[in-house]
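So the structure is just underneath, and the comments pick up after that.
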Amino acid sequence: SDLLLFPPSPASVAAMVDEPLDPPQPTPAAAAPPAPLLRPRREAFEHGLLPIPKLIFPEGTLAQTLSQLKEKLAPAAAAAGDGRVGAAALAEALQIPPDQAALAIGILAAVLPAEDPTLDAGGGGAGADLRDVLLFLYIQSYKRLVPRPHKDSPAVADVWPSTSAFDGYLSALSPIQLVRSNSRRFIPSQADEEIHQLSYLQKHMANILTLLADSVEGEGDDSLVLTMETFEHLGFLVHFSEGTSLSQAATFFANSDPDMPAAPVSAAQVHDWILQNIVSSLEFYTEKSTAKEGSQQIASDLDVTMADANTSHPRNSTPTVANPAFHRNSTFVEGFSKTSVVKHASDVKGNSVKVLNCHDSVIYILAPVKYATVYGCSDTTVVLGAVGKVIKVEHCERVHIIAAAKRICIANCRECIFYLGVNHQPLIVGDNHKLHIAPFNTYYPRLGEHLTQVGVDPSTNKWDQPFVLGVVDLHDSLSHPAGVSDVQAESATCVDPDLFTNFLIPNWFEDEVQEPTKCNPFPLPEIYQASQSKKYTCLF
């Protein structure tokens, strides 16, 4: 009944216009950006561990043994003039075969945080920086986090019985169990693994710094110092979440004059600084893990999960919220079943792709990346377009892998076929059964461009020269019967040329490519080419 019987005067209208409707609210202070967190470099721990017994030293004598090894290798590094150690010197110092020493140098090159043109061009013979070699050998003592026991172990055992004395670890992670359990909660998450890796580094950092440090005149803590150059080599093990270099983040080296060499810093001061950062990171992880306990979000990782890979193939899942302190350094394709997923270069964030726990599906990764992992998949075809460093395929069953890469490592797989274009020998480790290998068999319009981008040379293909190591993973935390570390893994059999077929990738977006790849860039061996020609002739 509040009727306006008389119109307001012009003056009152002006006053109403000038008067604010609500009292002014104080402007909230801008939130402070999250501090960069020190993280372990996953690449070193995921792709840089080799199950070669003579590279793995007992923890009690680890520091002393590597210190003695440093003394042995120092003359060779000095003679080289650039501080590098080649495969021959490493083989002699460790008393291992030259091919294993060359493999170690090659794997080290693949997991370095920055490109090393000398090492990449010359292979193991060119040699790696002695400091990197020592760090690489040190982390060979790392033991991976073991899976948590499954709540329904007897039921799982009925489906996936253990068939070998060395099969316990593989059984715990088999694809069939993953399907039955409908959950990955018993498998360590990425966050769990990073906590484990940081804790390892926290425990061993004092020894690591002592190993890298130079001795100078002085007493106690002042007698060991690190130059800024040596300090940067710790980037092999750790990095900051926002890409800040270690020397820029460290107060004792930050803003150093590039024209003037920075003064060395005591190893004790470096140790205190790194431990403070590790503790801060562990506190952050613990807080986030506690907050997510009880959540149905399986991928409790701190990276952004790209699980909904393609808008045309949606997946019912809880989206992972990215923490602003972490940058996207991995793309995840996880948990797909009975579908197709396509990833182009524009869909891939970071330098690595992980295809996890996919079943009865076809996964296309048509993009250039540095690292790729295929884990826990079954009855699935995975196409990996161009991988410039390493592919690791682990705990897979009845999977077809079509991959163009510098290197590939195959571990604990069964009844899988690998169609490979690889510049180095395929590495086969662990408890494998009925593996087959064949030359690369596909192409897509941007493949040539992607191969050039990541440095894969299609004129060199060592698909049929597997390098076979032990059946036991010496980096897991399980106990193994005496002597099994000397048992060699089962190798792979070449696919019969008459059974070899090309794989056709649907022709997406070809119009956007100026010079599309129109055939397989990896030349087929003569016997496979002859078989293909015979099949083609029979069609007409």
(request) Give the accessible surface of region 369-485 per residue, rounded to a whole number of Å², with probe radius 1.4 Å and ligands, DNA and RNA excluded. (result) 28 Å²
(message) Counting only other residues whose beta carbon sits under 12 Å from that of D498, what net charge do I get with K and R as +1, D and E as -1?
(response) +1
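How about region 189-250: which GluC sites (Glu not before Pro) there are in a DSSP loop, with at most 15 other Cβ atoms within 10 Å of their Cβ?
Details: sites: E193, E194, E217, E219, E229, E232, E242; in loops: E217, E219, E242.
Of the GluC sites (Glu not before Pro), the ones in loops of region 189-250 whose Cβ has at most 15 other Cβ atoms within 10 Å are E217, E219, E242.
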(request) With θ set to phi - 60°, apply the Karplus curve 6.51 cos²θ - 1.76 cosθ + 1.60 along region 419-427 and write out the HN-Hα couplings as whole Hz, x wherever there is a Gly or Pro. (result) 9, 10, x, 10, 7, 10, 4, x, 8
(request) May I ask you to order 367-380, 450-463 by the average number of other C-beta atoms within 10 Å around their residues, highest value first? (result) 367-380, 450-463
(request) Express in whole angstrom the spacing between the alpha-carbon centres of region 397-470 and region 51-124. (result) 25 Å
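The values are calculated or read from the model by the stated rules, or taken from the named source; none is laboratory data. Owing to the predicted nature of the structure, the values given are computational and were not obtained by experimental measurement. No Cβ is skipped: glycine too gets one built from the backbone with ideal geometry, and neighbour counts run over all protein chains shown. Calculation scope for accessible area: heavy atoms of the full protein, side chains included, ligands and nucleic acids excluded. Shrake-Rupley method; radii C 1.70, N 1.55, O 1.52, S 1.80 Å.
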